[in-house]
1. Which of the lysines could a cross-linker bridge to Lys25, judged by Cα under 29 Å and excluding same-chain residues fewer than eight apart?
2. Starting from the Kirkwood Rh over alpha-carbon pairs, what translational D in µm² s⁻¹ does region 1-134 have by Stokes-Einstein at 25 °C and 0.890 mPa s?
3. Calculate one ³J(HN,Hα) per residue across region 236-242 by plugging θ = phi - 60° into the Karplus curve 6.51 cos²θ - 1.76 cosθ + 1.60, and present them in order as whole Hz with x for glycine and proline.
4. Suppose every Lys and Arg Cβ carries +1 and every Asp and Glu Cβ carries -1, with no other charges. What dipole size does region 70-141 come out with about its Cα centre, to the nearest 20 debye?
5. I need the per residue convex hull volume for region 209-290, using only the alpha carbons, in cubic angstrom as a whole number.
6. With a point put 7 Å past each Cα toward its Cβ, work out how far Met255 is from Lys25 in nm, to one decimal.
7. Could you please state, rounded to a whole Å, how far the C-alpha centre of region 71-150 is from the C-alpha centre of region 201-219?
8. Mind checking the dipole of region 195-304: about its Cα centre, +1 per Lys or Arg Cβ, -1 per Asp or Glu Cβ, Debye to the nearest 20?
Amino acid sequence: ENVRNFVSGRWVLTIKNDMNGNFEKCKARWVLRGFQDKQKNDQQTDSPASTRPGFRMACQMAAIQGWTLTHIDLKTAFLQGEAYGNTRDVICQLPPEAGYPPYIGARLTKPAYGMNDAPRRWWNILDGSIQWYGAVPTRADRCCYVLYADTEPRERSRQKDPYRTQSSGPPVLTEKEACEDAVEYLLDPVTGSPAHGKRVVGVISIHVDDIFACGDKELEERVLRHLREDFQVGSEDKNDVKFVGQRISWKTENMDGVDVSYICVSQESEIAELEEIHVDKGQDDTTLCTPAMHTSYRSVLGMI
């Protein structure tokens, strides 16, 4: 029987290293050839990911507040994504090494690795869950979320301030209030800051299945605990973590007889893993890359 939308697959081997660059394990994953999907052009495939400014903002907040750093790697992320509806019809090849003939397949009920719509359907689930826990996405970075204290926001009322001098003219501002007003106007001259009067207790930054979070005990109770309950967690690290190729850790140094704690963000281990692609000097610029060279180039480009 002819299958209208059959997608084959292949094994992809990944070598995993620890934070110091030492070999940890090999991981094999059956990945589908999503380009064969005849419905790929009808799917939403865009998927937001963490930005550098959003991540650095989280690190800055953690350094100021002395927060705990947490990294959570969610296991089999795409397989926990949004389920397919009745209009999505995909038959995927099963691994021949498992004893299945190459023409035997199974109908997908959820997106698998390699499918074009898998990242978006996974992000829909994760984003909805984090917001349900109470975190609010920032306007500048859709994958950076702020968790406010579990209290009602305080209304700003200059008339109720007993320390302000009252007069018939405009209210008199203290130097601190004038500075806050100026910063608020520069950041958003139209609507003002939605965080005004609220206390931030945590910041979360997500990049596909990697979650970087920093905050106090309220973040742990309201967000991280639920993440562990609702998703399969592959690994979790505290205060010395790795996120999108960057190692983030608390460090303490003695400066002029005083112990000073700070957060260090380093990419040294990732840079050390980059390998130069050898190209013969005699080759002309118009010479086509060999398959091996093309694979090496894509590997290095992906690591960058």
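1. Lys16, Lys75, Lys110, Lys238, Lys242, Lys251
2. Details: Rh = 17.6 Å.
Here the translational diffusion coefficient equals 139 µm²/s.
3. Computed from phi, the couplings for region 236-242 are 8, 10, 10, 6, 9, 10, 10 Hz.
4. Details: 7 positive and 7 negative charges, 27 e Å.
Charge dipole of region 70-141: 120 debye, to the nearest 20.
5. 184 Å³
6. So the two model labels end up 4.0 nm from each other.
7. 19 Å
8. Values: 12 positive and 22 negative charges, 100 e Å.
The dipole magnitude comes to about 480 debye.
The values are calculated or read from the model by the stated rules, or taken from the named source; none is laboratory data. Given the structure is predicted, the values throughout are model-derived calculations rather than measurements. For neighbour counting, all protein chains shown are included, and Cβ atoms are generated from backbone atoms with ideal geometry for every residue, glycine included. Ligands, DNA and RNA are stripped out before the accessible areas are found, and what is left, the full protein with its side chains, is counted by its heavy atoms. Shrake-Rupley method; radii C 1.70, N 1.55, O 1.52, S 1.80 Å.
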